[in-house]
Amino acid sequence: MAAATTASISLSLHLRLRPPLPPPRRPARHAAFLLPTPSLLPQRLHLAPCRPTWCPDVRVRAGSSIGALPALARPGGAVETDRLPSDVRDRAMEAVDHFGGRVTIGDVASRAGLQLAQAERALQALAADTEGFLEVSEDGEVLYVFPKDYRTKLAGKSFRMRVEPLVDKAKEVGAYLVRVSFGTALIASIVLVYTTIIAILSSSSASSSTSSDEDSRGRRRRSYGSTIIIPTDMFWYLDADYYRRRRVEKENGMNFIESVFSFVFGDGDPNDGLEEKRWKMIGQYISSNGGVVTAEEVAPFLDVPPPSEESKDDESFILPVLLRFQGHPEVDEQGNIMYRFPSLQRTASSKSGGSREYVGTKWSAMFGGVEKYLEEKPWKFSKANASEKAMVAGLGGLNLFGVIILGNLLKQMTVTPGGLISFAAQLYPLLQIYAGSFFAIPLFRWFLLRKTNSDIKKRNKAREQRAQELLSPDSSLRRKLLSARDMAQRKVITPEEIVYTTEKDILEQDYEVKEWERRFKELESD
């Protein structure tokens, strides 16, 4: 009797503490989930275990009652999604779209490769800004449900999302201008250097002629003026060749001016986004296999040593996976260590996962068309083709030779230069730096890329070997894989299991609370 009295008091405290209905206003049709003041405690709903199939004791982990709905957003309040990193927001939204707008935290974490805390925070923010709502199953699992037009609603509220495409476009234009400017600087340097050399030689010839009259000096001036056309003609020749090359369609879409930057600085990291790809592959693999895997199954996606007797019993590489997806080790009856990820075992999707038969050679059939291990791409020295690289190197050598000659001529000058020569003399230190770095930087990159690609090749080889072990497992590994499939528990939460939702208006919820109390009293009297 004392237990029944205690349960009755607990039920009354949890179900009656709810905000009163505003009498003058008609209750809202949908009570959208809106994020309250941020708290260090996770806002995940839990249902306390109870014997009846309907479980009235609905609680919030942070300590608030389910009756006290999240505070409504004030007009002009901040957009919660704008506080998320852009990549976290975009990856979470992609996962929501993939599962049709009804997801668990584990669905988003596994699909997007996010930490569980990141996935939960992203879902809370998205639901707050798009009138999403929560559903709670009879087992206490929380689902986030979003309207079909949630992206439109979010874009209408978030100024940041409207500006980001413009910012990204500006970054692309800026990067292109930097690449083109560096290539243009090579042509400009060649023109300036050789024009200055010709001017110095012409002025030296003029000063050494003492027996010339005014007419001859005039002819020399006219001759000097006609001489300037020579480097200009050379420039236009090179420029015409550049535009001719630019009109030619190339496989990588790179023109000659861009190839100058590519030759010196390269084309960026070919493995950009590798970590995001890695965690997506791991999360989706764990989820598709019922949330229980062995270390050998995760190894092909991590940076692991090649399989050997020394590394056979070392499974420390799986620790980052356990931390990211909140997993823990378990030991089966044979003493094999498995790793269970409870949050990835619960899903709102009815898509089937892995099963016992997919072990060994059938593993490749299960993942047909999917990468069986994480493969890094080797770095390329330059994406420019062979003829472009030869042309760039030739022009760079011509420029370096001209800078050396110009330096010697400037040292031999006995009179103070003026005009073009004075301008080139002031820029000479920059011309030296440009001409020297034009070959020093690529040389340094070449040695660095050799070491980098060697390490990438070793890591790819080790992952491939680990994946090969799964294709042809020995008897010990096969038993371990079968045990992991037996321990897998993939729970699909169906709409029929939902016992609470914030989608319903307050009057309907009030009726259900009274119904819970009535049924509880009936059980109490029995």
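The values are calculated or read from the model by the stated rules, or taken from the named source; none is laboratory data. Computed from a prediction, not measured in an experiment: that's the story for all the values here. Virtual Cβ from ideal backbone geometry, glycine too; neighbours counted across all protein chains shown. Heavy atoms of the whole protein, side chains included, go into the accessibility calculation; ligands, DNA and RNA do not. Shrake-Rupley method; radii C 1.70, N 1.55, O 1.52, S 1.80 Å.
Of Leu154, Leu166, Leu126, all but one fail to be out of contact with any Lys or Arg (no Cβ under 6 Å at 6 or more places or on another chain), surrounded by 18 or more Cβ atoms within 10 Å (Cβ to Cβ), without any contact (Cβ under 8 Å) to a residue 60 or more places away in the chain and in a helix (DSSP H, G or I); the exception is Leu126.
Go through the residues of region 456-475 one by one and say whether even a single one is open to solvent by less than 70 Å² (accessible area, probe 1.4 Å) and without any contact (Cβ under 8 Å) to a residue 24 or more places away in the chain. Within region 456-475, not a single residue is open to solvent by less than 70 Å² (accessible area, probe 1.4 Å) and without any contact (Cβ under 8 Å) to a residue 24 or more places away in the chain. Listed by first and then second residue, the pairs with beta-carbon distance under 7 Å, at least 6 apart or on different chains, first residue in region 302-331 and over 18 Å from Leu374 (Cα atoms) and aromatic (Phe, Trp, Tyr), second modelled with pLDDT of 90 or more and not in a strand (DSSP E or B), are Phe325/Ala109; Phe325/Leu116; Phe325/Gly283; Phe325/Ile286; Phe325/Phe341; Phe325/Ser343; Phe325/Leu344. Taken across region 182-190, residues that are surrounded by fewer than 22 Cβ atoms within 10 Å (Cβ to Cβ), free of Cβ contacts under 8 Å to residues at least 12 places away in the same chain and part of a helix (DSSP H, G or I) do occur, with at least one present. If you go through region 384-396 and keep only what is surrounded by fewer than 21 Cβ atoms within 10 Å (Cβ to Cβ) and either in contact (Cβ under 8 Å) with a residue 12 or more places away in the chain or in contact with a strand residue (DSSP E or B) (Cβ under 7 Å, 6 or more places away or on another chain) (or both), you end up with Asn385, Lys389, Met391, Ala393, Leu395. Only one entry of Glu172, Glu141 meets the criterion of being open to solvent by 10 Å² or more (accessible area, probe 1.4 Å) and in contact (Cβ under 8 Å) with a residue 40 or more places away in the chain, and that entry is Glu141. Lys457: at pLDDT 90 or above, of a type in the set (Lys, Arg) and not in a helix (DSSP H, G or I), yes or no? Answer is no for this residue. Being at pLDDT 80 or above and either under 26 Å from the mean Cα position of the chain (by Cα) or not acidic (Asp, Glu) (or both) is a property that Ser311 lacks. Within region 131-146, which residues are among the charged types (D, E, K, R) and in contact with a Ser or Thr (Cβ under 9 Å, 6 or more places away or on another chain)? Listed by number, the residues that qualify are Glu135, Glu138, Glu141. Exactly one residue out of Phe256, Phe265, Phe261 is modelled with pLDDT under 95, more than 30 Å from His98 (Cα to Cα) and either open to solvent by less than 30 Å² (accessible area, probe 1.4 Å) or not aromatic (Phe, Trp, Tyr) (or both), and it is Phe256.
Of the residues Val292, Val248, which single one is at pLDDT 90 or above, over 25 Å from the mean Cα position of the chain (by Cα) and hydrophobic (A, V, I, L, M, F, W, C)?
Result: Val292 is the single residue among Val292, Val248 that is at pLDDT 90 or above, over 25 Å from the mean Cα position of the chain (by Cα) and hydrophobic (A, V, I, L, M, F, W, C).
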